[in-house]
Amino acid sequence: MPVIDYAGLPEFPMRTGITGKWLSAREHGATALSVLSNTAAPGVAVPRHFHEYEEVILVEEGRIWAELGDERLTAGPGQSVIIPPHTPHAWGTQGPAAARILFIWPVLEPFAPGKSTYLEGTPPAVS
């Protein structure tokens, strides 16, 4: 497996106020795991959706809220949110600062057709 200089990878726009960069993906040689870094501006939110697999959110900077089913949680630096498979969820930034978040999925291409279902809004751009 090669060493990936992910600090040097460019970010790409995913949604208004959210940029991303793949830290682990097929194009880096990964065969079974995806890791995505997001930078999210204050006041942004991702609409309700669910995945066929577990999702782990790691908050590195800032604060986020996450809705899992009917429960609303908050998380800050050093905290994680584990979302079970098939659980409708949404998330967004909380407070006046931007957030930096890592997302981990046990699949490649987690937003490919048939892997994620959006109950509101549309899937992100994942260049």
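So is L33 within 12 Å of the chain's Cα centre (by Cα) and under 26 Å from I4 (Cα atoms) or not?
no
Can you tell me which residue in segment 30-57 is surrounded by the fewest Cβ atoms within 10 Å (Cβ to Cβ), limited to those that are among the β-branched types (V, I, T) and in a strand (DSSP E or B)? Walk me through how you get there before you give the answer.
Here is the first cut: in segment 30-57, the ones among the β-branched types (V, I, T) are 31, 35, 39, 44, 46, 56-57.
From the residues that got through so far, the ones that are in a strand (DSSP E or B) too are 35, 39, 46, 56-57.
Details: V35: 18, T39: 18, V46: 22, V56: 14, I57: 20.
Looking at the filtered set, the residue picked out is V56.
Give the residues of segment 1-58 that are of a type in the set (D, E, K, R) and in contact with a helix residue (DSSP H, G or I) (Cβ under 8 Å, 6 or more places away or on another chain), sorted by residue number. Talk me through it step by step, then tell me what you get.
Here is the first cut: in segment 1-58, the residues of a type in the set (D, E, K, R) are 5, 11, 15, 21, 26-27, 48, 52, 54-55.
The one that is of a type in the set (D, E, K, R) and in contact with a helix residue (DSSP H, G or I) (Cβ under 8 Å, 6 or more places away or on another chain): K21.
List the residue pairs whose Cβ atoms are under 8 Å apart, where the first residue sits in segment 66-78 and is in contact (Cβ under 8 Å) with a residue 12 or more places away in the chain, the second is in a loop (DSSP other than H, G, I, E, B) and polar (S, T, N, Q), and the two are 6 or more positions apart or on different chains.
Correct list of pairs: L68/T87; G69/T87.
I want to confirm something. Restricting to segment 93-127 and keeping residues that are assigned to a loop (DSSP other than H, G, I, E, B) and either in contact with a helix residue (DSSP H, G or I) (Cβ under 6 Å, 6 or more places away or on another chain) or among the hydroxyl-bearing types (S, T, Y) (or both), which single residue is farthest from R15 (Cα to Cα)? Before you say what the answer is, go through the steps one by one.
From segment 93-127, those assigned to a loop (DSSP other than H, G, I, E, B) are 95-98, 106-115, 119-127; that's our starting set.
Of the ones still in play, those that are also either in contact with a helix residue (DSSP H, G or I) (Cβ under 6 Å, 6 or more places away or on another chain) or among the hydroxyl-bearing types (S, T, Y) (or both) are 108, 122, 127.
Working: L108: 20, T122: 10, S127: 12 Å.
Checking each candidate, the answer is L108.
Between A98, A125, which is out of contact with any Lys or Arg (no Cβ under 8 Å at 6 or more places or on another chain) and of a type in the set (A, V, I, L, M, F, W, C)?
A98
Just name the residue that is surrounded by the most Cβ atoms within 10 Å (Cβ to Cβ) out of those in segment 90-125 that are under 27 Å from G78 (Cα atoms) and of a type in the set (S, T, N, Q).
T93
If you go through segment 76-83 one residue at a time, do you hit one that is at pLDDT below 95, of a type outside the set (D, E, K, R), under 28 Å from I4 (Cβ atoms) and crowded, with 18+ Cβ neighbours inside 10 Å?
No; the residues of segment 76-83 include none that is at pLDDT below 95, of a type outside the set (D, E, K, R), under 28 Å from I4 (Cβ atoms) and crowded, with 18+ Cβ neighbours inside 10 Å.
Go through segment 12-29 and count every residue that is surrounded by fewer than 13 Cβ atoms within 10 Å (Cβ to Cβ), of a type outside the set (V, I, T) and free of Cβ contacts under 8 Å to residues at least 40 places away in the same chain.
2
Which condition does E27 not pass, out of (1) closer than 13 Å to P110 by Cβ; (2) assigned to a helix (DSSP H, G or I), if it passes all the others?
(1)
The values are calculated or read from the model by the stated rules, or taken from the named source; none is laboratory data. Here the structure is a predicted model, which is why all the values come from computation and not from measurement. Backbone-built Cβ (ideal geometry, glycine too); neighbour counts: all protein chains shown.
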